[in-house]
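Right, one structure below, let's go through it.
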Amino acid sequence: MIDKIKAHIEEVKKFSASKIEEVEAFKNKFLSKKNGVLTGFFTEFKNIPAEQKKDLGQVLNTLKLSVENKITELKGKIEENSDKNIDIDLSLPGENISLGSLHPITVVRREILDIFERIGFVTIETPEIDDDWHNFTALNFPPEHPARDMQDTFFVEKNQSAVIRTHTSNGQIRYMENHKPPLKVVIPGRTYRNEDISARSHFMFHQIEALFVDENVSFIDLKQTLLYFAKEFFGHKTKVRFRPSYFPFTEPSAEVDVTCSICGGEGCNVCKYTGWLEILGSGMVDPNVLENLGIDSKKYSGYAFGLGIERITMLRYGVKDIRYFFENDVRFLSQFENI
Ligand code: DAH
């Protein structure tokens with residue numbers, strides 16, 4: 001019996017097949033439960049004397065294993081070859097591979113920074129978690145100012161010593177701490193306020209801050225810079241309008257409107273039929289702020305402004321709800337693939 005089994009082992013070794021049917025027949029011959037070669041041997045195995053069982057068992061197992069391995073090996077080869085032989089129709093249109101694209105906020109942020117870099121502003125980044133001094137006090141916020149209220153500010157420390165910044169204006173202080181005038185920077189970043197989420201506001205949004213400090217900087221420089229920006233970004237026919245306002249860190253302060261980019265100033269529902277859209281807050285840096293940083297306010301003056309990127313993106317593309325920017329819905333995002 002042992003010789004017979006060994007002969008089969010040799011047979012298995014030499015066996016090869018190119019069709020799946022041949023492999024199936026081979027499998028049947030050896031492994032069929034009814035009349036397979038192995039089933040036959042295992043039945044005989046029960047009747048042989050105990051002292052021969054050990055050797056015979058080993059050889060029998062070798063045969064079983066080599067049959068099983070052979071089947072796996074041949075099936076693998078045949079499958080591999082069949083993949084290669086598939087007819088390919090080169091004239092069929094290719095599969096549509098959709099490419100990722102930049103988020104609209106990123107696109108607009110880059111565009112705005114680029115506009116200011118062209119006139120000499122340098123882009124810098126400053127911390128999102130900051131202390132009361134940089135976010136409020138050095139910016140001339142009186143101690144009782146409502147913006148420090150729990151309503152608006154996310155405090156990181158229970159004792160209110162650290163905040164997630166409520167605006168990028170903390171960047172002005174960070175920069176003036178380590179640099180002497182002339183200063184000319186733009187500071188993009190994320191900002192946070194403890195506000196309810198709605199179509200018009202979110203607890204997280206993006207701003208770009210600008211700061212220019214030098215000798216003899218006047219309000220005219222601020223106006224001219226913002227007019228340049230408005231024309232570059234919204235189109236050369238755009239006009240700007242300054243409305244008196246209040247910010248603790250600027251004096252005088254102004255909110256800036258541009259002619260509505262949707263209706264060109266005629267009046268529509270986006271500009272609430274006024275023809276104007278508010279785009280940013282600005283002003284001349286309050287001398288107190290310069291002095292807080294050890295900059296001589298008799299010698300130097302400056303302007304600053306801060307704009308919300310979401311707001312500007314909404315105005316430009318007619319996006320009606322700020323929440324779209326944060327939901328990551330591909331149907332929304334893919335509309336900005338080609339901008
Ligand atoms: N920090 C202000 C805000 O978040 C925006 C702002 C207004 C920034 C006037 C400025 C500025 O630099 O001069 O509402």
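Below are the figures for this structure:
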item	result
Whole-percent carbon and sulfur share, accessible surface of the chain, 1.4 Å	51
Reference-scaled alpha-carbon Rg (2.2 N^0.38 Å with N residues) for the chain	1.89
Given 12 as the ceiling on other Cβ atoms within 10 Å, longest exposed-site-free region of the chain for trypsin sites (Lys or Arg not before Pro) in DSSP loops	159-236
The chain - accessible surface per residue (Å², probe 1.4 Å)	58
Alpha-carbon gyration tensor eigenvalues x 5, square-rooted, for the stretch 279-339, Å	40, 11, 10
GNM result for the chain, Cα springs below 10 Å: residue of 52, 207, 224 fluctuating most strongly	52
Among 274, 137, 43, residue whose mean-square fluctuation peaks in a GNM of the chain (springs only between Cα atoms under 10 Å)	43
Equivalent ellipsoid dimensions for the stretch 164-222 as semi-axes, Å, which come from the Cα gyration tensor, largest first	28, 14, 7
The stretch 2-84: relative contact order as a whole-number percent, Cα under 8 Å and 6+ apart	44
Value of relative contact order over the stretch 89-184, rounded to a whole percent, pairs C-alpha under 8 Å and six or more apart	28
Selection from 282, 328, 258 lying farthest towards where the dipole of the stretch 192-339 points positive, charges on Cβ	258
Of the GluC sites (Glu not before Pro) in the stretch 93-137, those whose Cβ has at most 13 other Cβ within 10 Å and which sit in DSSP loop	95, 125
Highest-MSF residue in the chain out of 199, 138, 50 [GNM, Cα springs under 10 Å]	50
Taking N as its residue count, the alpha carbon Rg of the stretch 2-84 over 2.2 N^0.38 Å	1.23
Förster radius 41 Å - calculated FRET efficiency between residue 262 and residue 133, Cβ distance, rounded to 0.05	0.50
The stretch 197-330 - percent relative contact order, Cα under 8 Å, separation 6 or more	32
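The values are calculated or read from the model by the stated rules, or taken from the named source; none is laboratory data. All values reported here derive from a predicted model rather than from experimental measurement. Positions of Cβ are generated from backbone atoms using ideal geometry, with glycine treated the same way; all protein chains shown enter the neighbour counts. Surface accessibility is based on the protein's heavy atoms, side chains included, excluding ligands, DNA and RNA. Shrake-Rupley method; radii C 1.70, N 1.55, O 1.52, S 1.80 Å.
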